[in-house]
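Novice: Below is one structure. I have some questions about it.
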Amino acid sequence: MPELPDVVVYIEALERRILNRKLERVRLASPFLLRTATPPVSDLQGKCVESLRRVGKRIAIGFQQGYWLVLHLMIAGRLHWHEGETAAGKRLAPRRDLAAFDFDSGSLVLTEAGSKKRASLHVLQGAARLRALDPGGLEVLDASFDEFAARLTSENHTLKRALTDPHLMSGIGNAYSDEILHAAMLSPAALTGRLTGAEIARLYEFTRKTLLDWTQRLRDEGRNSFPKKVTAFREGMAVHGRYGQPCPRCGAQVQRIRYADNETNYCAPCQTGGKLLADRSLSRLLKQDWPRTIEELEAMKRR
Ligand SMILES: [Zn+2]
């Protein structure tokens, strides 16, 4: 699922292409994509883009008269940009293409691989409606240490759960939480209520550093082109998606905890004092306080 760094880089690429440009036509290939009935999506046609914003892991495109078009890519949704006016006439590929937004500068096409269609589109009017879509997670890059510590310890959760719960932290999912915890040398199964001040300070520092470093890295990789290789498994990640491969810090094999259709990766010597997170008491704990699936967490209602 695209997380904060991916979404920020998507938004920057979109700003260069559609800010102050007119949306001429919206083409929806799938009736399941649009999750709102009013205002009708046709209201957006003929309006110019005034701003772009990230709301959690969503991309919000702001139009004249307070309209918002909000995209959630979920796991397999991706955006593609086709330059120029002629792109607007291009037919949508059945099954893969979900929608096209034809601007006077080019066409933005939303695709989703696989048969499970989870990506969503909301059309809203007014800032209050936009805020209602925000699960309310803390923006760690804007937050002070005290705000971060208060939010982190507001409920007692495993670190893996706390970081990936969109109601607690904004924009962090399975991939970057693995990277953050490895960088901070903290166990994904550690309970937030038992962390020391020094551990929380380390987590704050490395949450920010990991998100900022990766955003810059993706920016540098893409230069001025539209993001193409958006994936949860990136070359250069320390542990995420690297089960069995050597930890770049200590050389030990990267471990995993599997759950649902996901897994968490960590390095035992670096993060858990060498302990493998697979014994029975831990499994019980993890069952109660683990991201069941990231999608389930995303879908949970605002508390
Ligand atoms: Zn290691």
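The values are calculated or read from the model by the stated rules, or taken from the named source; none is laboratory data. Quick caveat, the model's predicted, so the values are computed rather than measured. Positions of Cβ are generated from backbone atoms using ideal geometry, with glycine treated the same way; all protein chains shown enter the neighbour counts. Just so you know, the surface numbers come from the protein's heavy atoms only, side chains and all, with ligands and any DNA or RNA stripped out. Shrake-Rupley method; radii C 1.70, N 1.55, O 1.52, S 1.80 Å.
Novice: Holding the Cα-Cα limit at 23 Å, pick out from Lys229/Lys275; Lys117/Lys229; Lys116/Lys160; Lys22/Lys90 the pairs that are longer than that.
Specialist: As for pairs spanning more than 23 Å Cα to Cα, those are Lys229/Lys275; Lys116/Lys160.
Novice: Same structure, new question: Give me the Kirkwood hydrodynamic radius of region 39-176, using the inverse of the mean 1/r over all pairs of distinct Cα atoms, in Å to one decimal.
Specialist: After inverting the mean inverse Cα-Cα distance, the result is 16.9 Å.
Novice: Using protein chains only and a probe of 1.4 angstrom, how many square angstrom of Ile75 are accessible, to the nearest 10?
Specialist: So the heavy atoms of Ile75 present about 70 Å² to solvent.
Novice: Points 7 angstrom from Cα along the Cβ direction at Arg16 and Ala150: gap in nanometres?
Specialist: Going by the 7 Å Cα→Cβ label model, 3.9 nm.
Novice: With springs connecting C-alpha atoms under 10 Å apart, model the chain as a Gaussian network and identify which of Arg131, Arg217, Arg54 has the largest mean-square fluctuation.
Specialist: It is Arg131.
Novice: To the nearest 20 Debye, how big is the dipole of the chain about its Cα centre, given +1 on the beta carbon of each Lys and Arg and -1 on that of each Asp and Glu? List each step's numbers first, then the result.
Specialist: Numbers: 47 positive and 35 negative charges, 149 e Å.
The dipole magnitude comes to about 720 debye.
Novice: Moving to a separate point now. Work from the charge dipole of the chain (Cβ charges, +1 for Lys and Arg, -1 for Asp and Glu, about the Cα centre) and give the residue of Leu92, Gly241, Tyr67 farthest towards its positive end.
Specialist: So the residue furthest toward the plus end is Leu92.
Novice: Something else: Tell me the GluC sites (Glu not before Pro) within region 214-265 that lie in a loop according to DSSP and have at most 10 other beta-carbon atoms within 10 Å.
Specialist: Taking region 214-265 and a limit of 10 other Cβ atoms within 10 Å, the loop GluC sites (Glu not before Pro) found are Glu235.
Novice: How large is the translational diffusion coefficient of region 29-71 in µm² per second when you combine the Kirkwood radius over alpha carbon pairs with Stokes-Einstein at 20 °C and 1.002 mPa s?
Specialist: Roughly 191 µm²/s, to the nearest whole number.
Novice: With charges set only on the Cβ (+1 for Lys and Arg, -1 for Asp and Glu), what does the dipole of region 13-87 come to about its Cα centre, in debye to the nearest 20?
Specialist: Working: 13 positive and 6 negative charges, 55 e Å.
My answer is approximately 260 debye.
Novice: Also: Rounding to the nearest 20 debye, state how big the charge dipole of region 173-227 is about its Cα centre with +1 on each Lys and Arg Cβ and -1 on each Asp and Glu Cβ.
Specialist: Using only the charged Cβ atoms, the result is roughly 120 debye.
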